[in-house]
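K.L.:
Below you'll find the structure I mean.
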Amino acid sequence: MISSDIVIIALAGFFSGIIKTGVGVGSGIFLLPTLALGFPAKLALGLGAPLLLASDAIGLRYYWKQWLPRTELARLFLAALPGLILGAVLLPLIPGGIFRIGVGVFGVFYALSLLWPQFPAAVLLRRLFGGLNARYAEEGAYIYGFLGGVSTVLAHAGGLVWSLYLITAARDRRIFVGTTIILFFVTNIYKTVSYVYIGIIGPDDLLKVIPAIPMIFLGSYLGNVINKRCNYILFRKIVLCFILFISVSLCI
């Protein structure tokens, strides 16, 4: 008889695969509340890394070399590295909920500034962050790269932070998703090793991910189909709505 744990992991893997290859952001944050239905919060965080890594490996097949130019990608990775290390140091010391709320509030206002530009407060934020991205593209890559590195270790929220940069830096939806996948693939390797080293998950926990791999494959395939058939304007709105929904969830 299939245990409830396996069902939860498989369903989480399926929908995270759709989100990963279809939208490019939100799969990690989606996993936390889903896995928390059957596992303690810390264990849910730890199990999310190998699940995401499996979907990343599949996603690379659909988006190979469809990412930002090497120089821009290198800046993001270079900035993310100290953030990853800092996140691994902070995780055992502080509750991730505090940081998640901060990321959530930031994401809510950013998404609102692009979805409803006529809103007064949104106009101010749109001009601020839009101006920063336009005038200081290189510095923005370092800032968002570092913050994404920290937040992805603490809350699987790196995609939310990186998307704030990629929503303007990426040329089209395939570049957007492809860049997030290569970022996730590398950082989730580090996160999986770090979670094992810190003691959040053990080798036995990693084996629980294996039954979910076929569902991750199916979800990734469906997400790729959805992405190919979606025009860029609609895609942009979907991404922003995902950011808004995820950010509100983080705040709650």
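The values are calculated or read from the model by the stated rules, or taken from the named source; none is laboratory data. Note that the structure is predicted; figures quoted are calculated from it, not measured. All Cβ positions, even for glycine, are placed from backbone atoms using ideal geometry, and neighbour counts span all protein chains on display. Only protein heavy atoms, including side chains, enter the accessible area calculation; ligands, DNA and RNA are left aside. Shrake-Rupley method; radii C 1.70, N 1.55, O 1.52, S 1.80 Å.
K.L.:
Please find, among ILE175, ILE210, ILE201, ILE181, the residue that is of a type in the set (A, V, I, L, M, F, W, C), within 14 Å of LEU52 (Cα to Cα) and at pLDDT 90 or above. Steps first, answer last, please.
P.N.:
Details: ILE175 fails: within 14 Å of LEU52 (Cα to Cα); ILE210 fails: at pLDDT 90 or above; ILE201 fails: within 14 Å of LEU52 (Cα to Cα).
Exactly one of ILE175, ILE210, ILE201, ILE181 is of a type in the set (A, V, I, L, M, F, W, C), within 14 Å of LEU52 (Cα to Cα) and at pLDDT 90 or above, namely ILE181.
K.L.:
Kindly indicate whether any position in the stretch 4-16 is within 15 Å of ASN188 (Cα to Cα), crowded, with 24+ Cβ neighbours inside 10 Å and of a type outside the set (Asp, Glu). Walk me through how you get there before you give the answer.
P.N.:
Going through the stretch 4-16, the residues within 15 Å of ASN188 (Cα to Cα) turn out to be 13, 16.
Narrowing the set further to residues that are crowded, with 24+ Cβ neighbours inside 10 Å leaves 13, 16.
Going one step further and asking which of them are of a type outside the set (Asp, Glu), we end up with 13, 16.
Looking for residues that are within 15 Å of ASN188 (Cα to Cα), crowded, with 24+ Cβ neighbours inside 10 Å and of a type outside the set (Asp, Glu), one finds at least one in the stretch 4-16, hence yes.
K.L.:
Shifting gears a bit: Starting from residues that are part of a helix (DSSP H, G or I) and either over 24 Å from LYS42 (Cα atoms) or open to solvent by less than 30 Å² (accessible area, probe 1.4 Å) (or both), keep the ones in the stretch 84-105 and report whichever is modelled with the lowest pLDDT. Show your work before the answer.
P.N.:
First, pick out the residues of the stretch 84-105 that are part of a helix (DSSP H, G or I): 84-90, 96-105.
Filter once more, keeping what is either over 24 Å from LYS42 (Cα atoms) or open to solvent by less than 30 Å² (accessible area, probe 1.4 Å) (or both): 84, 87-88, 96-97, 103-104.
Working: LEU84: 96, GLY87: 92, ALA88: 93, GLY96: 62, GLY97: 67, VAL103: 66, GLY104: 74.
Per the criteria, the residue is GLY96.
K.L.:
I'm trying to understand the selection: among the residues of the stretch 54-78, which are surrounded by 17 or more Cβ atoms within 10 Å (Cβ to Cβ) and of a type in the set (Ser, Thr, Tyr)?
P.N.:
Selection gives SER55, TYR62, TYR63.
Table: residues versus (1) outside any helix (DSSP H, G or I); (2) at pLDDT 90 or above; (3) in contact with a helix residue (DSSP H, G or I) (Cβ under 8 Å, 6 or more places away or on another chain).
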{"residue": "ILE8", "(1), (2), (3)": "no, no, yes"}
{"residue": "VAL25", "(1), (2), (3)": "yes, no, yes"}
{"residue": "LEU43", "(1), (2), (3)": "no, no, yes"}
{"residue": "ILE58", "(1), (2), (3)": "no, no, yes"}
{"residue": "GLN66", "(1), (2), (3)": "yes, yes, yes"}
{"residue": "LEU73", "(1), (2), (3)": "no, yes, yes"}
{"residue": "PRO82", "(1), (2), (3)": "no, yes, yes"}
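K.L.:
Next up: Grab the helices (runs of 4 or more DSSP H) fully contained in the stretch 134-252, keeping just those with 3 or more residues being open to solvent by less than 60 Å² (accessible area, probe 1.4 Å) and out of contact with any Asp or Glu (no Cβ under 6 Å at 6 or more places or on another chain). Even if it seems obvious, please write down each step before you answer.
P.N.:
Numbers: elements: 137-155, 158-169, 173-198, 203-207, 213-228, 232-251.
Answer list for the stretch 134-252: 137-155, 158-169, 173-198, 213-228, 232-251.
K.L.:
Here is a further query. Out of the stretch 226-252, which residues are hydroxyl-bearing (Ser, Thr, Tyr) and touching a Phe, Trp or Tyr at 6+ places or on another chain (Cβ under 8 Å)?
P.N.:
Restricting attention to the stretch 226-252, the residues satisfying the condition of being hydroxyl-bearing (Ser, Thr, Tyr) are 232, 247, 249.
Once the filter is applied, which keeps residues that are hydroxyl-bearing (Ser, Thr, Tyr) and touching a Phe, Trp or Tyr at 6+ places or on another chain (Cβ under 8 Å), the stretch 226-252 yields only SER247.
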